[in-house]
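Engineer: For reference, the structure I am asking about is given below.
The values are calculated or read from the model by the stated rules, or taken from the named source; none is laboratory data. Only a predicted model underlies this, so the values are computations on that prediction, with no experimental measurement involved. Glycine gets a Cβ as well: all are built from the backbone with ideal geometry, and neighbour counts include every protein chain shown. The protein model used for the area step is the full one, side chains on, heavy atoms only, and it has no ligands, DNA or RNA in it. Shrake-Rupley method; radii C 1.70, N 1.55, O 1.52, S 1.80 Å.
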Amino acid sequence: MKVQAEQLTESMQNNIDKWVAKFPKGQARSASLMALRVVQDEVGHLTPGWMSAVADYLKVEVTKIYEVATFYGMYHHQAVGRYHLRVCNNISCCLQGSNQTLAYLKDKLGLSDQRISDDGLFSISETECLAACTDAPVMVVNDREYVRQLTPQSIDEWIKERRLEHIND
């Protein structure tokens, strides 16, 4: 069954074109990682329709785009909060208390039974190694900001700062 592709915005197309230009002619597929990222950054998460739109735009088989989008943990297939927290659950972080950190975050944000906080600001997922073992436990926010050596106090401060940022927006 063919999925109806969404319509890429002009901004998405321009950003994708910048990535395609970095690869040899005829190698648009090489830009699929970043093309998916461009779309996700604008719409929040990837649906089959958005993945089909990327495939159509890059002139790549849709299955190749699905393979990329489902292989890498940085792509979201359901809505996430404005701040998506990925907590490392690998051995170094576990030994330094990442399970307790995750439980504390979920409790603090009221996420025990839901994916996104009531205010829409936060969502959490577990992830494999974030390559910051010496600073365990670690989380990465929106795949861009590392928060290291997490403690209940540092978590409280980080959440407070993000809520203040939201109020000031």
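Engineer: Looking only at the range 1-29, filter to residues that are more than 18 Å from Thr70 (Cβ to Cβ), of a type in the set (Gly, Ala, Ser) and in contact with a helix residue (DSSP H, G or I) (Cβ under 8 Å, 6 or more places away or on another chain); which one of those is least open to solvent (accessible area, probe 1.4 Å)?
Structural biologist: Ala28
Engineer: Here's something else I'd like to know. Which of (1) open to solvent by less than 20 Å² (accessible area, probe 1.4 Å); (2) within 18 Å of the chain's Cα centre (by Cα) is the odd one out, the single condition Asp143 does not satisfy?
Structural biologist: All conditions pass for Asp143, except number (1).
Engineer: For the range 119-153, which positions are in contact with a helix residue (DSSP H, G or I) (Cβ under 7 Å, 6 or more places away or on another chain) and either free of Cβ contacts under 8 Å to residues at least 40 places away in the same chain or under 20 Å from Cys94 (Cα atoms) (or both)?
Structural biologist: Ile124, Glu126, Cys133, Ala136, Pro137, Val138, Val147, Arg148, Gln149, Leu150, Pro152, listed by residue number.
Engineer: What do you reckon, is Asp107 more than 14 Å from the chain's Cα centre (by Cα) and open to solvent by 90 Å² or more (accessible area, probe 1.4 Å)?
Structural biologist: yes
Engineer: A follow-up question, please. Between residues in the range 154-165 that are free of Cβ contacts under 8 Å to residues at least 60 places away in the same chain and surrounded by 12 or more Cβ atoms within 10 Å (Cβ to Cβ) and residues that are among the aromatic types (Phe, Trp, Tyr) and in a helix (DSSP H, G or I), which pairs lie under 9 Å by C-beta distance while being six or more apart or on different chains?
Structural biologist: Filtered contacts from the range 154-165: Ile155/Tyr104.
Engineer: Taking the range 35-73 on its own, how many of its residues are closer than 16 Å to Asn142 by Cα, of a type in the set (Lys, Arg) and either touching a His at 6+ places or on another chain (Cβ under 6 Å) or open to solvent by 50 Å² or more (accessible area, probe 1.4 Å) (or both)?
Structural biologist: Going through the range 35-73 one residue at a time, the tally reaches 0.
Engineer: If I ask for residues that are open to solvent by less than 70 Å² (accessible area, probe 1.4 Å) and either assigned to a strand (DSSP E or B) or modelled with pLDDT of 95 or more (or both), which ones from the range 114-136 would you list?
Structural biologist: Ile116, Phe122, Ser123, Ile124, Ser125, Thr127
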